[in-house]
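Let me begin by presenting the structure, written as structure tokens, before commenting on it.
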Amino acid sequence: MPRPKKPINRKPLRIKTGDDVIVISGEDKGKTARKVLSVLPKQRKVIIENVNVMKNRKKQSGGQRSSGINQEDVIEKAFPIDASKVMLIDPKSKKATRVRMTTGKDGKLSRTAAKSGEAI
């Protein structure tokens, strides 16, 4: 008899859509100030503008043949990368920083940069 699956306890991602991030490892290491296009929290991945871009060819339509590859036939698409490979950029020093969750005066949680203490 198979065992029932235990729920996986994951820490929430501290990266949101529209944040400025820097890639800290991988092929695109060092690329900065890119916008996060979308976040995939269940997969723990993020899609970042102009990072991890793959090129695909579009199929010819209606039996048309062309000699060579037209630029219209090549489609560039950004693929997800692991969220552990990116860090948020500190708004004050413009360097990579960790994120802390702090409680404000109104009792709401907010994200702050660990290096400078500035709100993100």
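Here are the numbers:
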quantity	calculated
P(r) tail fraction, the chain - alpha-carbon pairs more than 26 Å apart, %	41 percent
Set LYS77/LYS115; LYS5/LYS77; LYS45/LYS92; LYS5/LYS55; LYS6/LYS55 screened for pairs whose C-alpha atoms are more than 32 Å apart	LYS77/LYS115; LYS5/LYS77; LYS5/LYS55; LYS6/LYS55
Solvent-accessible heavy-atom area per residue, rounded to whole Å², over the chain at 1.4 Å	80 Å²
Fluctuation leader among PRO80, PRO41, PRO12 - the chain, Gaussian network, Cα springs under 10 angstrom	PRO12
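The values are calculated or read from the model by the stated rules, or taken from the named source; none is laboratory data. Nothing here was measured: the structure is a model prediction, and the numbers come from that model. What goes into the accessible areas is simple: the full protein's heavy atoms, side chains included, and nothing from ligands, DNA or RNA. Shrake-Rupley method; radii C 1.70, N 1.55, O 1.52, S 1.80 Å.
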